[in-house]
Every structure is written in structure tokens, then in C-alpha cells.
1. Which one is farthest from the chain's Cα centre (by Cα) among residues in the range 116-135 that are farther than 23 Å from I189 by Cβ and surrounded by fewer than 19 Cβ atoms within 10 Å (Cβ to Cβ)?
2. Please work out if F63 is of a type outside the set (A, V, I, L, M) and more than 29 Å from I223 (Cα to Cα).
3. Please go through the range 47-63 and give me each residue that is surrounded by fewer than 18 Cβ atoms within 10 Å (Cβ to Cβ) and closer than 21 Å to P235 by Cβ, ordered by number.
4. Being in contact with a strand residue (DSSP E or B) (Cβ under 8 Å, 6 or more places away or on another chain), part of a helix (DSSP H, G or I) and in the same structural domain as R56 (by TED's automatic domain parsing) narrows it down to one residue among L125, L101; which is it?
5. Inspect all residues belonging to the range 489-501 and state whether any of them is within 17 Å of E197 (Cα to Cα) and either touching an Asp or Glu at 6+ places or on another chain (Cβ under 9 Å) or assigned to a strand (DSSP E or B) (or both).
6. Could you count how many residues in the range 293-303 are in contact (Cβ under 8 Å) with a residue 40 or more places away in the chain and over 9 Å from V253 (Cβ atoms)?
7. Could you list, in sequence order, all residues of the range 323-342 that are touching a residue at least 24 places away in the same chain (Cβ under 8 Å), assigned to a strand (DSSP E or B) and out of contact with any Asp or Glu (no Cβ under 9 Å at 6 or more places or on another chain)?
8. For the range 312-338, enumerate the residues that are surrounded by fewer than 19 Cβ atoms within 10 Å (Cβ to Cβ), under 27 Å from the mean Cα position of the chain (by Cα) and closer than 16 Å to S443 by Cα.
Amino acid sequence: MATINPYGKEIISVSTEFEGRPLTLEVNRVGFRSTGSVLVRYGDTVVLGTAQVGSRPVVLDYFPLSIDYEEKFYAAGKISGSRFIKREGRPSDEAVLIGRLIDRPIRPLFPKGYRQEVQVVSSVLSMDPAFRPDMVAMIAASAALMLTGTPFDGPVAGLRIGRVNGEFKAFLSAEERDASDLDLVVAGIESGITMVEAGANEVPEEVIADALAWAFDHYQPAIALQRELAEKLQPAAQTYELVLPNAEIQEAVDGWVEGKFGEALRKPYPERNEMINQIRWAFHEEMAEKVGEDYPALRDEYDEAFTSAVHKDVRKGIVEDHIRPDGRAFDEIRPLSSEVGILPRTHGSALFTRGVTQALNIVTLAPLSYAQMVDTMEVNDGERRYMHHYNAPGYTVGEVRRLGSPGRREIGHGYLAERAIIPVLPTAEEFPYAMRSVTEIMSQNGSTSMAATCSSCLALMDAGVPIKRPVSGIAMGLIMEGETPHILSDIADAEDFAGDMDFKSAGTEKGITALQMDMKVHGLPVAILREALMTAQRGRAFILDHMLTTMAAPRVSLSPYAPRIEKIKINPDKIGAVIGKGGEVINKITAETGAEIDIKEDGLITVASPDGVSIEKALNWIKSLTEEPEVGRIYEGTVVSIKDFGAFVNILPGIDGMVHISQLSDKRVEKVEDVLHEGQVVKVKLTGIDERGRLSLSLKEAQAV
């Protein structure tokens, strides 16, 4: 019998088996007033996907689509760890990044010129701790859009996969993610892939390509299920008008620019941009004179048509003449330049320049206690010991732009460069520092995220961070002409705007550490993506060779302005002895030595101070509190009590051993008091520890040494 909601509508659901669990899409249970609303269940994870479409076009020169991912702490049975704010507020960086993951494969599937306002929200209502909920949220967003009647060329689905013991797998547990050398998100439609993002532990390109093919095949059931739901509901198609350039205006513009582009514009940047601007101004002056008083109202349409003509010229030059806008060959990299140590008081700095794109990176080192605590909905929050932040103000593109907090683009670019470096960082045991890397973009003309990757790698080496291997990155482009792909290395802005795909590949000489692909066409086959990956490998190697001429290896010593940090590993059971009741012991050590002390649950203790004497004093203090007795070692201890059969001597804080009367001297001793008295400081040798942990000491063996 059908279940009816309070509004008299039947609650409809469809299900399929998806990567070992049932996936269910349900409508008409909640979200009655939204344009499209779907409740998605996978395991114990429940996500509400809603899509709201504006009733009329807005007067904007872009498609006003917003896609957000909403974390709800209650979904995981958590309350925020902040002492002051318990309500969900500004999205965490992790939520912003997942929102971008969902947005990127969906946005290209709307037709050009569509101007209806569309808002999509994926809200996690219940979270199964066995896997991450982000790909369920992507399915929820796409399924909701499928029910709106908009010209959305979906559905979209995606998988986050890893590789455990050589086998690809989706919906990994936390333990499996830790064991995996790959964290790959692949999303797309039934016919092809539209988005890829990955972090990897120096994984070869061929393995990445195989993973793309595996993911493409395995997300198909989620595509079919969304189609099944849409066919059951038969949503009414919405009426809309596309805001497209006036055909007559475009024809007039194409005629005007004929002969003014082509070889005349095959110039390096920024000369090419300046020439285009000069032609653009001359165009507007002539059109204003020709059209007359109506031109101010039509100027934006003419300008858009001019930009379209520029893009067509870029594509024509590449496809027909095999020449790029700035005259480069398809695999040619723009001029490279880099230098390190350019800022005198920072811990590490580097300036990386590729063409007109330029990134300045600054590295700051601090004790581990400065690592960022991650407070999100997900259970295994942890902390970030390495943080990369990316800034790109308006002046970097020659614009007047208000300064403010970083947007989704800045957060995304910073995260991509961060993922590229993480696999080559030393462990906390090897290098007990928190590291903050900040990229200040100085100038933009394509692929600033990869410039940020290169500059951050050089700055880390300049700071003396012992990375395993240097990392380089490159941005690639693609222009499809029918079935023929034209792959471009190191794309600049003009090629990005006119192309069909841009992707970034970062890694070492051994393999990929980070990857991001965005397709503007409706899906690409794996074979083309495989070819693009291999082409990018050669470009990365060329850039890496340049970087190695600037700095081949990390500096052997830190900057004199960086804090000095020493580490000691203790038995975790001894942590309480270092902290003391109410923190009195550790506070006393900090106050008397001036050192900064950080203690981890696994027993790793770091001591930081600009003064080496302070560090040594604090370390000795900690050692005295946590040292384990060692058989055969001689200790200086204090006699704490005298017995008829011997004496007890304190050799370490809280640890006493017994010197039997027979071990006091080589000669016969009648009374213990003839040799020792309470409070006396003596040297004793630890000769044994019995099964009950009792220590046997010898005074005579210590004297014989």
C-alpha cells in the first residue's frame, strides 16, 4: 500500500545496490515547497538534496548558480568543540571544498545563456561513520536538480576511491583511507567524466588512469537510479529564455575583426593582452559612431560578441594552424624564473615566475602545538600540521577589487597546493614542527595554483624542511575538434577561457601527488584523460628540472629566526608524571626554563625555545620524570630508608631499588648503618629487575667500575 504524505502526495522511492550497500532516493517525505527535493539514504547516511529555481531570469551577465554542502554536527552525534560557538556558522574549509566538488561537475551541464537563479543545497542529516558522506551529497544535489525541469543535462554521480593492497575501492573506512596511497574523486555523467580531483602518495599516471576507468564504470548505477526516479515523477519542463549574443551583432563583430586577429596577435603575454585591449577600444569607438545614440544600451552585447570572437580566434589558431595565442608550440612551457631566500626575516621564502604568472611563498615554522585543530561534522577530525593559504587580490589581474576574507576559489587553490606537498613532508617524529605556507600571488595569467605549488616547495626547502623529494606542478588545457583532442601544456588565460578542459597535475619524479580536472564539455572518455596525464608528466619534469637548478635540496640548517625544537619519546603511561596534578609540573617546567612544551598522546614530547640552554634544561627535567630503569646502568641516588637486610635507594623520581646488605661492600658488613645513612647520596648499579618489577641495586659493583 502506498504511503501518502500530509499533502496527499504519494511518497515515492527507488533503490539499487551500489558498492555493497543499498542506495535509496525518496521524494515527497520532506521539502514540500522546494522546486526539487530528494532524501538520499546510503547505509546510515541520510542527505537532503534541495534545488530551488527562481521564477524569472535575473539581469546578470553570468549564470547565478550556487551549490552548498551543509555540515550538521548532530548528524554525527557531535557538539562543536568550540568553547564559545555551538551553532553551525560559517562553513568550514572542508565544507567549502566539498561544495566545490559538487559544483564543478554540475555547472557545465547547463546551457550557455541560462540565467535563472538556481540554488542547490546538500544537507547531511545523518552520517554513517564507516565512510565519508560527500559523494552521497553529490548524488542528492544532482537528483534534486533532475526534478526541477530545468535544462540540466544530468544526472551526475561520483565516487571517492582509494587503492588498498593494489585494489581500487569506494567508500573507504578511516582505516582504509590511512592505508591507501590514493584519494581520488571522479564525477561525471553517463557518457563521460566531467570532474576529477585527487591527492596521491606519488602514484604513477598509469595507475591514476586505471582508477578513472574503474570509477567511471562503478558510478553508473547511481546515474541509472536518478533516471529511474525522474521517469517515475515526470517533472514538468520549465519555460526559459537563453540570454545569448544577438546573432546580427555577432555577425557584425566577426566581420569587423576579420584580418585584425590571427598572426597579428601571436605575441607573448602581456604584449598580446595589450594589443587586444587596443583593438577592443578601437572597435568600440567605431561601433559607437556607426550605431549612434543606441550604442550605450548595446555596448555590453557588442563587448561580449567581441570576446566571443577572440575565443573563436584562439580555437581556430590551435585547431587549424597548430599555433597557440602567444605563438608557443603545444608542449612548450613559458619562460621560467625562480629564487629563494628573498625575504630576510622569514623562516623560508621563494618567488616562482612562469610567464606573467608569479607566486611569492613564505614559510613559517612553529612548535607542534600551533597545528590547526579541525572541528567538523566528521568523527576523525584530527589536526593540520601543514597549512597552505593562498591569496590573490585584485591587483594581480589588474582590477580594483575590495579586500575581504578568502573566497571559495582561494580556499580551493590553497588546498590543491597543500595536497600536492603533504605526501613529501617529514613526519612529526622526524621534524617536530607545525608549518604554515602562505602564497601571495603577485600576478595572474593562468595556473596560479600550480605556481603556488612550485613556490611553496622551494620555500619549504629554503626553510630547511627535510622534504622527501621536490614537487612541481603544471596546468594543462584541451581543445576538442570533433573527436580529435588538442592537448596544451602550461595554459594561459586565453586558452583556459576558450578551451574545453583545464587540469592541474602536481607530483615528484616518482608520481602524482595532486590532481584536478574540470571539463567544460559534457564528459570526456578515459582514453583522452590518459593521454593528457602522460603529456602533463613531461611538462612537470621540465619545470622540476628548472626548480632544481635554483635549489636542489633542503638547506641543512634552519633560519636563525626559526624556533629550535627538540623531541623526546616517552612511555605514554608517564605522561601524567610530566603534566602533574592540575598541570602543576609542566607549568613549573615552562616557567623555570622558558621553554614551550607540547605533549602528544603517543608520548612524543617537543620542547621549543630560541635558547638552546632552556631546551636542554627542560629536556633533562622531563627525562628525570620519565626515565625507565636500565639494568647495568650506574645511578646516583638517595638513601630513603634503612632496613636490617639492606637499604632502599631512590634512583629516579618515584622509583626506588634495594641494596641488599651483601651488596654494600666487598668486606663483611655487620650493620647497614655502618655503611649508609638516610639522606646519603650514593652511586649504585642496577643489577636486575624481577618479574614483579622490583629493582636490585649494588653499591660494591658501582664502586668497582
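1. Residue satisfying both the conditions and the ranking: E117.
2. For F63, the condition - of a type outside the set (A, V, I, L, M) and more than 29 Å from I223 (Cα to Cα) - is not met.
3. G54, S55, R56, P57, F63
4. Only one candidate qualifies: L101.
5. So far as the range 489-501 goes, yes, one or more of its residues are within 17 Å of E197 (Cα to Cα) and either touching an Asp or Glu at 6+ places or on another chain (Cβ under 9 Å) or assigned to a strand (DSSP E or B) (or both).
6. Number satisfying all stated conditions: 3.
7. Hits for the range 323-342 are L336, S338, E339.
8. L336, S337 - these are the residues of the range 312-338 that are surrounded by fewer than 19 Cβ atoms within 10 Å (Cβ to Cβ), under 27 Å from the mean Cα position of the chain (by Cα) and closer than 16 Å to S443 by Cα.
The values are calculated or read from the model by the stated rules, or taken from the named source; none is laboratory data. All values derive from a computational prediction rather than experimental measurement. Neighbour counts are summed over all protein chains in view; Cβ atoms, including those assigned to glycine, are modelled from backbone coordinates with ideal geometry.
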